[in-house]
1. If I ask for residues that are outside any loop (DSSP other than H, G, I, E, B) and small (Gly, Ala, Ser), which ones from segment 51-67 would you list?
2. Filter segment 216-255 down to residues that are open to solvent by 60 Å² or more (accessible area, probe 1.4 Å), farther than 16 Å from residue 206 by Cα, touching a residue at least 40 places away in the same chain (Cβ under 8 Å) and β-branched (Val, Ile, Thr), then give me how many there are.
3. Which residue is nearest to the chain's Cα centre (by Cα), if the candidates are limited to segment 174-195 and must be open to solvent by 30 Å² or more (accessible area, probe 1.4 Å) and under 20 Å from residue 213 (Cβ atoms)?
4. What are the residues in segment 45-55 that are open to solvent by less than 30 Å² (accessible area, probe 1.4 Å) and farther than 13 Å from residue 102 by Cβ, if any?
5. Name the residues in segment 23-43 that are open to solvent by 30 Å² or more (accessible area, probe 1.4 Å) and assigned to a strand (DSSP E or B), would you?
6. Among the residues of segment 107-144, which ones are under 30 Å from residue 187 (Cα atoms) and open to solvent by less than 80 Å² (accessible area, probe 1.4 Å)?
7. Sort out which residues of segment 56-65 are of a type outside the set (Gly, Ala, Ser) and surrounded by 16 or more Cβ atoms within 10 Å (Cβ to Cβ), and write them in order of number.
8. Which of the following residues is within 30 Å of residue 132 (Cβ to Cβ), assigned to a loop (DSSP other than H, G, I, E, B) and of a type in the set (A, V, I, L, M): 204, 182?
Amino acid sequence: MASADSHLPSVPMIFIYQIRSLEHKTEACPDLMCPMCSQQGGVHITVRQRYVWWLGPMLPSGKYGIAWCERCGDRILGVKWSPELTRRYKEIRSTTKTPLRLWRGMIVIFSLFAAIVLAALFFGSRHQAKAAADEKEKQEYITNPAPGDIYRANNGGRMYKIDETSATTVDNIYALYKVVRVSGDSVFVVQGNAQRVGTAENPVNPYIDGFWDELEKETTAFGSKEIAISHASMIKYGYFSRLIKEEGDTPGTISSIVRSEK
């Protein structure tokens, strides 16, 4: 069966940002003549700078100038600038520095990225530590089985020969198995009444979130027929290997062990 989201279209990531402009300074140039009205005493030059705003200011671009005349009220277009006006603008621009605050957004982004990385490392290390502790506990329970232990396991099923060149697996049962007694190399278990049966064509995926929890909720009783499994195979390989085998039997695996509190 295909997963519910296997054919969902991909969603592009969208960033919404603004282009803003910062006014650095405005200086009056009373000695310059306005090329629009040919009068002196009214020319002003403003130095501005564009930057990107996304979670704060960032990526400032090159500075640019605006000239206007207070006497005629007109903005002086760049094509109308006189050589004297251009020279004065360059002098003013050369003394104008880009403030560090226009890079503040990059600090915010870096901080967010660093926080995400640190969180991933923190939770990743916790997950690894828990996995290591769970594996250590599992090995302890495998080494020293006790009545009442619950094995979340599959029995491996049987290998069924189709023809001379091919075979398939059938009756691979996933269930809860309860330890009832231990004798020598034999660990005797009984199977819970809830199960999932897999085959080579329709395998069971026990790694789905909640798989074993769901089986545990459905298990209301355990059978009376004892199944003897090899303690040596459990210790060496982690196998759920039946001692009394039928033709085609293959070993299963123990996913985890739950030990009841005394």
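The values are calculated or read from the model by the stated rules, or taken from the named source; none is laboratory data. Source: prediction; values computed, not measured. For neighbour counting, all protein chains shown are included, and Cβ atoms are generated from backbone atoms with ideal geometry for every residue, glycine included. With ligands, DNA and RNA removed, areas are computed over all heavy atoms of the protein, side chains included. Shrake-Rupley method; radii C 1.70, N 1.55, O 1.52, S 1.80 Å.
1. Listed by number, the residues that qualify are 65, 67.
2. Number of matching residues: 1.
3. 195
4. Once the filter is applied, which keeps residues that are open to solvent by less than 30 Å² (accessible area, probe 1.4 Å) and farther than 13 Å from residue 102 by Cβ, segment 45-55 yields 45, 46, 47.
5. 23, 24, 25, 26, 27, 28, 33, 40
6. Correct list: 129, 131, 132, 133, 134, 138, 139, 141, 142, 143, 144.
7. 57, 58, 60, 63
8. The unique qualifying residue is 204.
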